[in-house]
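Rule-based calculations on the coordinates, nothing more; no lab input. Note that the structure is a prediction, hence the values are computed from the model and not measured. Cβ sites come from the backbone with ideal geometry, for glycine too, and all protein chains shown count toward neighbours.
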């Protein structure tokens, strides 16, 4: 009996079958790699694995519960990102700028974390800082502590606009600090710096603090090398010095701020900086 198919046709059919098998395999692979869809957008195993690997590197245990929590987190993130795009949040210049500098901020935090690892804060550092605070508390101008919040912006004009906005009570100090302040450490807390004695603040800020009552903010921007500040005094209390052990938490927070500034100062000493105006 003669072959029903010629040799070229047999080859063509074979190639078609192989291509079909490859396509089915690819589809199945894609399907198995896709763990969820959010309005058509895929959440894949690869994404979950990346997040789980990072969590494990931070000390977590890779288990089904962690993977399910990670998947749910990625689903939520994808839904939020889609909403950001839908409502056009990035059309706002301020929002777009924040997204633009976010990778830089992350790199700066990584750099500081590496510096802090190489220059750790010790109990001896905290004790030195404590002794300095005890000595400073004996100065008459340090009879009171001030709980201070701030908003820092790059220009005087921007600071004036914020003061006007806050004076009209169009926004809260905390929300503006989170949205506008360039000092990321305090902005995350709604601008809160913490409790300070006058001598612990930069001179222009210390002078401004002394002229404010509880709940008041500066009506003129205060300039330091970090930018233009709007300062608010949230509370005032007489200075009382707790024991060293009781003070360790606050001392550690202050020490981290000092170490950060030390890192920047050391870096700038070894950098060639040329200002053109």
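With a/c under 1.5 counting as rounded, go ahead and sort the range 92-144 into rounded, prolate or oblate using the C-alpha gyration tensor (a ≥ b ≥ c being the square roots of the eigenvalues; past the cut-off, prolate if a/b is larger than b/c, else oblate). Here the range 92-144 falls in the oblate category.
A Förster radius of 35 Å combined with the Cβ-Cβ distance from residue 57 to residue 121 puts the calculated FRET efficiency at roughly 0.90. The range 79-95 and the range 231-277 have their alpha-carbon centroids 35 Å apart.
Which of rounded, prolate, oblate describes the range 157-277, given a ≥ b ≥ c as roots of the alpha-carbon gyration tensor eigenvalues and a/c under 1.5 marking rounded, otherwise prolate only if a/b is larger than b/c? Verdict is oblate for the range 157-277. Take every pair of alpha-carbon atoms less than 8 Å apart whose residues are at least six positions apart; their mean separation over the length of the range 106-256 yields a relative contact order of 32 percent. Helical runs (DSSP H, four residues minimum) scored at -39500 (n - 2.57) apiece and divided by the length of the chain put the mean residue ellipticity at 222 nm at -19500 deg cm²/dmol.
The angle between the Cα long axis of helix 7-33 and the main principal axis of the chain comes to about 30°, on a 0 to 90 degree scale. Based on the convex hull around the alpha carbon atoms, the chain presents an average projected area of 26.6 nm².
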